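Engineer: Structure in structure tokens, see below.
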Amino acid sequence: MSNTSTPQPLFDTLEHLQEQSEGVCFWSYLKAPYPIDDIVIAARFLQAYKGSQGTFNAYRREVERFLHWVVLVAEKSLNNLGREDIEAFIEFCQEPPKNWIGVSKPARFILKDGQRVPNPAWRPFVATVSKAAHRRGQAPNIKTFELSQASLNDLFAILSSFYQYLVQEEHARANPFALVRQKSRFIRKIQGASKIRRLSELQWQYIVENTQKLAEKFPDEHERTLFILSALYAMYLRISELTANPRWAPQMNHFTRDGDGNWWFTTVGKGNKERQIAVSEAMLEALKRWRKYLAYSPLPSPADYAPLIPKNRGRGPITSTNQIRILVQYAFDAAIEQLHHDKLSEEAETLYEATVHWLRHTGISDDVKIRPREHVRDDAGHSSSAITDKYIDIELRERHESARKKRIVDDEVI
């Protein structure tokens with residue numbers, strides 16, 4: 001086996017993958033003899049996930065890594081792998097060669113002389129550091145790369161799904177991932193429910209109040225952010241549900257009123273599933289404030305096709321999730337600064353790690369305390385109540401309260 005070659009990207013963005021797979025000569029740049037039929041069928045498999053950018057990216061990452069290992073390390077093809085090969089692949093992923101690891105996520109392909117060519121800076125694995133460590137000036141280091149348990153779970157799930165497709169297409173005889181015994185060697189089982197990453201009540205209060213003050217002073221810069229924060233928290237939206245994409249573009253008339261006078265918001269989420277979200281009175285007030293800033297009528301009509309979150313410059317809706325992340329991070333940073341100023345450093349330090357998705361978690365966690373879980377489940381777009389149950393932390397509180405006064409040594413014995 002050889003793993004000395006530095007891999008090159010195989011699959012382009014979703015927009016270019018179709019033309020790439022139709023012109024199989026595209027992969028002629030590869031330095032190793034990749035079985036072209038393996039690459040083409042993998043490209044067809046990935047195109048099935050064009051409904052969700054996030055899902056496509058995750059599946060592309062795992063399939064691409066696997067194909068590189070199959071060719072460059074195992075020197076085999078997809079249809080002649082066994083259980084031992086899969087176990088070797090997993091161990092390889094836990095400690096890949098240094099030349100397979102990068103410290104950033106550059107584009108897979110770049111334009112050169114009008115042609116899309118592989119980016120030499122791209123690597124299959126990426127070393128990262130936490131947000132808090134990055135703020136402290138710590139840079140990613142390939143020597144400290146570690147594959148997380150979540151990444152291992154993704155690896156098993158995605159590549160097992162990939163092989164199910166290959167078997168159905170008669171491109172492989174069996175699914176070798178299903179043959180792996182003792183998966184516990186690689187995947188750690190977690191006892192009890194996993195911890196939901198969310199904001200504390202105080203952190204959320206500081207974020208909202210600081211953003212409100214900023215919006216009053218500088219509305220052109222911060223009214224948009226205030227509405228985004230409200231929508232992510234109050235309607236449990238994912239960041240992708242606030243941005244326009246080829247399958248859905250949020251519009252003002254996606255807020256609708258039913259025959260009883262109740263307001264609902266329609267969105268399309270994971271798995272390309274459309275759902276209706278009950279709009280609270282507070283969220284309706286946030287919408288009115290946002291529309292007032294935009295010089296619109298207080299509430300939208302069915303004919304109001306204006307973008308829900310228009311671009312600051314130019315026409316049309318925001319299409320970049322990164323732009324929303326930047327706006328939300330500014331609000332987080334302002335709250336962190338104020339928390340430090342008010343000598344609440346512990347709350348400030350934990351807020352360093354927060355991401356946009358924590359707002360969805362926080363909204364669900366807060367509402368599941370006061371609303372029927374089935375209502376929260378449907379508004380959040382959870383596939384089952386079991387997922388919503390993860391946000392119920394009442395039992396954890398009672399469990400901790402019962403342990404609070406446990407003694408190590410009886411006072412009377414001392």
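Engineer: In segment 340-371, what residues are closer than 25 Å to residue 282 by Cβ and of a type in the set (Ser, Thr, Tyr)?
Structural biologist: Within segment 340-371, 355, 362, 365 meet the criteria.
Engineer: Residues to consider are 19, 15, 84, 95; find the one that is out of contact with any helix residue (DSSP H, G or I) (no Cβ under 7 Å at 6 or more places or on another chain), without any contact (Cβ under 8 Å) to a residue 60 or more places away in the chain, of a type in the set (Asp, Glu) and closer than 23 Å to residue 144 by Cβ.
Structural biologist: 95
Engineer: I would also like to ask the following. Evaluate segment 14-33: report whether one residue or more is modelled with pLDDT of 85 or more and either open to solvent by 10 Å² or more (accessible area, probe 1.4 Å) or part of a helix (DSSP H, G or I) (or both).
Structural biologist: no
Engineer: Among the candidates 327, 299, 294, which residue alone is of a type outside the set (Val, Ile, Thr) and in contact with a Phe, Trp or Tyr (Cβ under 8 Å, 6 or more places away or on another chain)?
Structural biologist: 299
Engineer: With the requirement that a residue be over 13 Å from the mean Cα position of the chain (by Cα) and either closer than 15 Å to residue 30 by Cα or β-branched (Val, Ile, Thr) (or both), what does segment 53-79 give you?
Structural biologist: Matches in segment 53-79: 63, 64, 65, 67, 68, 69, 70, 71, 72, 73, 75.
Engineer: Does segment 72-81 hold any residues that are in a loop (DSSP other than H, G, I, E, B) and under 16 Å from residue 171 (Cβ atoms), and which are they?
Structural biologist: If the condition is that a residue be in a loop (DSSP other than H, G, I, E, B) and under 16 Å from residue 171 (Cβ atoms), then 76, 77, 81 are the ones that fit.
Engineer: Restricting the search to segment 151-164, which residues are touching a residue at least 12 places away in the same chain (Cβ under 8 Å) and either open to solvent by 50 Å² or more (accessible area, probe 1.4 Å) or over 19 Å from residue 63 (Cα atoms) (or both)?
Structural biologist: 153, 154
Engineer: Another one. Inspect segment 138-149 for any residue being outside any strand (DSSP E or B) and under 19 Å from residue 72 (Cα atoms) and give the result as yes or no.
Structural biologist: No, there is no match, as no residue in segment 138-149 is outside any strand (DSSP E or B) and under 19 Å from residue 72 (Cα atoms).
Engineer: Can you name every residue in segment 235-264 that is modelled with pLDDT of 95 or more and in a helix (DSSP H, G or I)?
Structural biologist: Across segment 235-264, the qualifying residues are 252, 253, 254.
Every residue, every condition in (1) surrounded by fewer than 17 Cβ atoms within 10 Å (Cβ to Cβ); (2) modelled with pLDDT of 90 or more, yes or no:
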position	(1), (2)
142	no, no
146	yes, no
149	yes, no
176	no, yes
181	yes, no
204	no, yes
208	yes, yes
211	no, yes
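Engineer: Take segment 40-63 and flag every residue that is part of a helix (DSSP H, G or I), open to solvent by 20 Å² or more (accessible area, probe 1.4 Å) and touching a helix residue (DSSP H, G or I) at 6+ places or on another chain (Cβ under 7 Å). I'd like the intermediate steps shown before the answer.
Structural biologist: Kept after step one, since they are part of a helix (DSSP H, G or I), are these residues of segment 40-63: 40-47, 53-63.
Adding the requirement that they be open to solvent by 20 Å² or more (accessible area, probe 1.4 Å) leaves 40, 44, 47, 53-55, 57-61.
Residues satisfying the conditions are 40, 44, 47, 53, 54, 58, 59, 60.
Engineer: Given the structure, is residue 99 surrounded by 12 or more Cβ atoms within 10 Å (Cβ to Cβ) and under 19 Å from residue 5 (Cα atoms)?
Structural biologist: Details: surrounded by 12 or more Cβ atoms within 10 Å (Cβ to Cβ): yes; under 19 Å from residue 5 (Cα atoms): yes.
Yes.
Engineer: Kindly state which helices (runs of 4 or more DSSP H) lie completely within segment 265-362 and contain at least 2 residues that are among the aromatic types (Phe, Trp, Tyr) and open to solvent by less than 60 Å² (accessible area, probe 1.4 Å). Walk me through it before giving the result.
Structural biologist: Values: elements: 281-293, 321-341, 345-351.
No helices (runs of 4 or more DSSP H) qualify here.
Engineer: When both residues are 6+ apart or on different chains and their Cβ atoms are under 7 Å apart, which pairs have a first residue that lies in segment 131-145 and is farther than 24 Å from residue 336 by Cα, and a second that is among the aromatic types (Phe, Trp, Tyr)?
Structural biologist: Correct list of pairs: 145/125.
Engineer: Find all pairs meeting these conditions: Cβ atoms under 8 angstrom apart; at least six residues apart or on different chains; first residue within segment 28-40 and under 11 Å from residue 7 (Cα atoms); second residue open to solvent by 30 Å² or more (accessible area, probe 1.4 Å).
Structural biologist: What qualifies is 30/8; 31/5; 31/8; 32/5.
Engineer: Just to be sure I understand, how many residues within segment 111-132 are touching a Phe, Trp or Tyr at 6+ places or on another chain (Cβ under 9 Å) and not in a loop (DSSP other than H, G, I, E, B)?
Structural biologist: The number of residues fulfilling the criteria is 7.
Engineer: Quick one: how many residues across segment 236-248 are surrounded by 22 or more Cβ atoms within 10 Å (Cβ to Cβ) and touching a strand residue (DSSP E or B) at 6+ places or on another chain (Cβ under 6 Å)?
Structural biologist: Number of matching residues: 1.
The values are calculated or read from the model by the stated rules, or taken from the named source; none is laboratory data. Only a predicted model underlies this, so the values are computations on that prediction, with no experimental measurement involved. Don't worry about glycine lacking a Cβ; one is built from the backbone with ideal geometry, like all the others, and counts go over all protein chains shown. Surface accessibility is based on the protein's heavy atoms, side chains included, excluding ligands, DNA and RNA. Shrake-Rupley method; radii C 1.70, N 1.55, O 1.52, S 1.80 Å.
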